[in-house]
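Undergrad: Below you will find the structure I want to go over with you.
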Amino acid sequence: MEAVEKKARWKFWKRYKGLPPTVFALSAVSFLNDTSSEMIYPLLPAFLFLSLGATPFAIGLIEGIAESAASILKLFSGYLSDRFSRRKLPVFMGYSLAAVARPLLAFVTTWPQVLFVRTADRVGKGIRGAPRDALLAADVPYEKRGLAFGFNRAADHLGAVVGPVIAFLLLTFLAANAEEPTAKEYQQVFLFASIPVVLGLFVVIFFVHEERPAAELSSDDPIKFSLREFDGNFLRFLGVIALFTLSNSTDAFLLLRAEQAGIAPAMLPLLWMVLHFSKVFFSLLGGDLSDKIGRKTMIIAGWAVYALVYAGFAFVESAWQAWILFIIYGAYFGMTEGVEKALVADMVRDEKRGTAFGFYNLAYGITVFPASLMFGFLWYQFGAAAAFLTSAAISVLAIILIIPIRSRPAEIDKS
């Protein structure tokens, strides 16, 4: 029995060993960047509210503008990376902007200054997002593409586990002699948070290689910034993604529901950490499994898990139920996040992947904000159960609509 288990483990890691070095390099960059980002993000609302006197509306305005800027720029950066057949440069520029912007939080004195810095940080995310995904897919064979994207997402989620822990330890040490952290202690943590993303820049420079630049196009066949460049099958997929995202409101509602179910507020950070551990584990499994059973099958299964989790939150009554639902919720991310990106790479030619990832991010971005507004309205008017069940129903509709979509690889890797 032990020999069988060792053989299975060796076979599992052997598949990862066969991935191109750029996959591991980009995953290391994702880990370092998310470690940096998550050292800041959990502390930022308290810093804004307690130290800078920002209102809840101002905090929402900051995050709304920042994330909207990122969603829009992902579309343009993906297109430009296709147009000029270069992807490493926008990836480097995007991470560089984050490395420059984040230390500035250590010197802000008003919330509009934070708005400027956060927007600059998210602009960096918008610049690098689609080109990075296209670069990640470039040298990975079809049969390992899910594995590559799953590994990258796992590294990203691992950073989301490590970052808050480092921030907590730093803030505890820096504010050891104070009842509550002051603005100075928060800003010292923000300064330390710039270190991982700077290290990530060195990884991009020395270890991320654009082995095979995006295919050069002849002058009479330029990349066009238009959805008409893609077939109806891909456009229907984008429509289904937008519909499903309408069911996917902010996770803050899940945390609120968990607190209502009996989880103490002091335990919510631990619950959040457990969720990210679940994401890491299932991202490693989900991407690999999608290479074996098919991307669409895995996405349907993941969306079904999502529907069940949201239906469960409609009726959750005790803390232990909320803990279980959060762990299962991590499985949804592992079964879909990287797999959806791998499917996008399958459905379009290499020279159009940057633009395709840009439209994919746009399809997500145009409904993610209305999703939270709709959910909040339903909760306020009809109660939590109605809001969660409505989201579950929308996700089931998305499952039905994705079934006819073809998940065949496009005409790629032809030279």
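Undergrad: Output the qualifying pairs, or none if there are none: Cβ atoms under 8 angstrom, residues six or more apart or on different chains, first residue in the stretch 80-98 and outside the structural domain of residue 359 (by TED's automatic domain parsing) and part of a helix (DSSP H, G or I), second residue buried (at least 18 other Cβ atoms within 10 Å of the Cβ) and of a type in the set (Asp, Glu).
TA: Listed pairs, sorted by first residue: 82/351; 97/121; 98/121.
Undergrad: Only one of 76, 107 is within 28 Å of residue 339 (Cα to Cα) and aromatic (Phe, Trp, Tyr); which?
TA: Testing whether each residue is within 28 Å of residue 339 (Cα to Cα) and aromatic (Phe, Trp, Tyr) leaves just 76.
Undergrad: Moving on to the next point. So which of 134, 101, 155 ends up being touching an Asp or Glu at 6+ places or on another chain (Cβ under 7 Å) and either within 21 Å of residue 78 (Cα to Cα) or assigned to a helix (DSSP H, G or I) (or both)? Don't jump to the end; show me each part of the working.
TA: On the way: 134 fails: touching an Asp or Glu at 6+ places or on another chain (Cβ under 7 Å); 155 fails: touching an Asp or Glu at 6+ places or on another chain (Cβ under 7 Å).
Only one candidate qualifies: 101.
Undergrad: With the condition kept exactly as written, say whether any residue in the stretch 338-348 is assigned to a helix (DSSP H, G or I), at pLDDT below 85 and among the charged types (D, E, K, R).
TA: No, the stretch 338-348 contains no residue that is assigned to a helix (DSSP H, G or I), at pLDDT below 85 and among the charged types (D, E, K, R).
Undergrad: Continuing with the same structure: Mind telling me which of the residues 43, 50 ends up being surrounded by fewer than 17 Cβ atoms within 10 Å (Cβ to Cβ) and farther than 30 Å from residue 350 by Cα?
TA: Working: 43 fails: surrounded by fewer than 17 Cβ atoms within 10 Å (Cβ to Cβ).
50 is the lone residue from the list that is surrounded by fewer than 17 Cβ atoms within 10 Å (Cβ to Cβ) and farther than 30 Å from residue 350 by Cα.
Undergrad: Look at residue 53 and say whether it is in the same structural domain as residue 131 (by TED's automatic domain parsing), modelled with pLDDT under 75 and over 16 Å from the mean Cα position of the chain (by Cα).
TA: Working: in the same structural domain as residue 131 (by TED's automatic domain parsing): yes; modelled with pLDDT under 75: no; over 16 Å from the mean Cα position of the chain (by Cα): yes.
So residue 53 does not fit the description; no.
Undergrad: Which ones in the stretch 128-168 are among the charged types (D, E, K, R) and surrounded by 22 or more Cβ atoms within 10 Å (Cβ to Cβ)?
TA: First, pick out the residues of the stretch 128-168 that are among the charged types (D, E, K, R): 128, 132-133, 139, 143-145, 153, 156.
If the condition is that a residue be among the charged types (D, E, K, R) and surrounded by 22 or more Cβ atoms within 10 Å (Cβ to Cβ), then 128, 132, 133, 145, 153, 156 are the ones that fit.
Undergrad: Would you please list the contacts, defined by Cβ atoms under 6 Å and residues six or more apart or on different chains, that run from a residue in the stretch 165-186 that is free of Cβ contacts under 8 Å to residues at least 12 places away in the same chain to a residue that is of a type outside the set (A, V, I, L, M, F, W, C)?
TA: Hits for this filter: 175/181; 175/185.
Undergrad: Every residue in the stretch 93-118 that is buried (at least 19 other Cβ atoms within 10 Å of the Cβ) and of a type in the set (Phe, Trp, Tyr), please.
TA: Correct list: 95, 111.
The values are calculated or read from the model by the stated rules, or taken from the named source; none is laboratory data. Predicted model, so just to flag it, every value in this text is computed and none were measured. Note that each Cβ is placed from the backbone with ideal geometry, even for glycine, and that neighbours are counted across all protein chains shown.
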